[in-house]
Amino acid sequence: MTLYREKGFDETTVEEIAARAGLTERTFFRYFADKREVLFGGSKDLEGALVGALSGVPRETGPVDAVEAALETIGAALEQLRGRDFARKRHAIIKGHAELYERELIKLATLAAALADGLKKRGIAEPLATLTAEAGIGVFKVAFRRWLEDPKEGSLARYIRESMNQLKGAITALGARGRKGRTKRAT
């Protein structure tokens, strides 16, 4: 991360990364396929943790609330593991490179698919499982960005909860507006 910030992602070589870490290039390639993987290593672990968090939510919990609980669990774990400062630095590097940003979006799509599969295992049918998972990952993206950009110290889990509540409120308001429209047309 330091090299990427000092020299830029494109200018940093695997040889430099390995040397800074006290490794040979050969050892580096045992852990990472390329220098991009330094930023995305652990994606499979994150996916497993998210699915595990979802499976830990009581079965009687509705799909939206189950996804919210799983995301809050993961948010708290990410915050504790890496911290906001690390996340800000990583985000700045990724945001500045289209190839890395595309990779980040693929990672999020993979998380949404895993979340949808987890919901299906809980008995949630399609398309509700996919809709809920995709909305949940959308909430996570918004909450994560808010957490990074807010100068106040707040937990990622809190931003997830607030963002999910905003989405729930918007859906409720749309439903109420739709019911009013149907009532007017019926009379």
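FYI, it's all coordinate maths here, none of it is from the lab. These numbers come from a predicted model, not from an experiment. Note: ideal-geometry Cβ built from the backbone for every residue, glycine included; neighbour counts use all protein chains shown.
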Problem - Signed unit charges on C-beta, dipole axis of the range 30-159, positive-most listed residue Leu108, Thr132, Gly118 - result: Leu108
Completion exercise
Rh_Kirkwood(the range 92-187) over Cα pairs, Å, one decimal, evaluates to 15.7 Å
Exercise for the section: Average the reciprocal distances over every distinct pair of alpha-carbons in the range 1-85, invert the result, and give the Kirkwood radius in Å. Expected result: 15.2 Å
Fill in the blank from the handout: Taking Cα atoms only, helix 83-95 is inclined relative to the longest principal axis of the chain by an angle, in degrees rounded to 10, of 80 degrees
Exercise for the section: Only helical DSSP H runs with n ≥ 4 go in: add -39500 (n - 2.57) per run for the chain, normalise by residue count and round the 222 nm mean residue ellipticity to 500 deg cm²/dmol. Expected result: -25500 deg cm²/dmol
Exercise for the section: Treat every Asp and Glu Cβ in the chain as -1 and every Lys and Arg Cβ as +1, leave all other atoms uncharged, and give the resulting dipole magnitude about the Cα centre to the nearest 20 debye. Expected result: 1020 debye
Exercise for the section: Provide Rg over Rh for the chain; use the alpha carbon set for both Rg and the Kirkwood Rh (inverse mean inverse pair distance). Expected result: 1.07
Problem - Relative contact order computed over the chain (Cα-Cα under 8 Å; 6+ residues apart), in percent - result: 21 percent
Handout entry: Listed residue (Leu50, Leu148, Leu81) projecting farthest to the positive dipole end of the range 40-186, Cβ model
Key = Leu148
Practice task
Give the cross-link partners of Lys107 among the aspartates and glutamates, using a straight C-alpha distance below 14 Å as the criterion and excluding same-chain residues fewer than 8 apart.
Solution key: Glu37, Asp45, Glu47, Glu99, Glu134
Practice task
Please work out the Cα center distance from the range 24-40 to the range 78-154, rounded to the nearest Å.
Solution key: 23 Å
Handout entry: Candidate lysines - alpha carbon under 24 Å from Lys7, same-chain residues fewer than 8 apart omitted
Key = Lys35, Lys89, Lys95
